[in-house]
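Here, each number is a calculation from the coordinates, and none is a lab measurement. Not measured: the values here are computed from a predicted model. FYI the Cβ positions are ideal-geometry reconstructions off the backbone, even for glycines, and counts take in every protein chain you see.
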Amino acid sequence: VHMIAVGACPVPTALAQVDREKIYQWINELSSPETRENALLELSKKRESVPDLAPMLWHSFGTIAALLQVILMQVV
């Protein structure tokens with residue numbers, strides 16, 4: 001199995017590409033209220049294995065606003 005380094009963790013290359021595509025899909029799904037809950041669940045499962053998840057979320061258009069909306073809905 002070929003390995004690449006993602007952050008400090010080596011990841012198998014084939015799995016890394018599939019995971020990355022799924023991560024981008026889930027990030028996109030955060031913008032829709034219908035798919036947001038499942039996307040949050042799946043992304044939370046990957047937070048330890050994807051070291052650059054936080055910057056990916058931060059730099060994705062509309063993601064921080066969607067996450068703030070979720071937080072505010074929990075407070076009210």
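Look at the alpha carbon pairs under 8 Å that are at least 6 residues apart: their mean separation over the length of region 17-74 gives a relative contact order of 32 percent.
Here the spin labels are modelled as points 7 Å beyond Cα on the Cα-Cβ line, and at residue 38 and residue 21 they lie 1.8 nm apart. Charge tally around residue 45: other residues with Cβ under 12 Å, Lys/Arg +1 each, Asp/Glu -1 each, net 0. Note on residue 72 and residue 48: with the Förster distance fixed at 25 Å, the Cβ-Cβ geometry gives a FRET efficiency of about 0.40.
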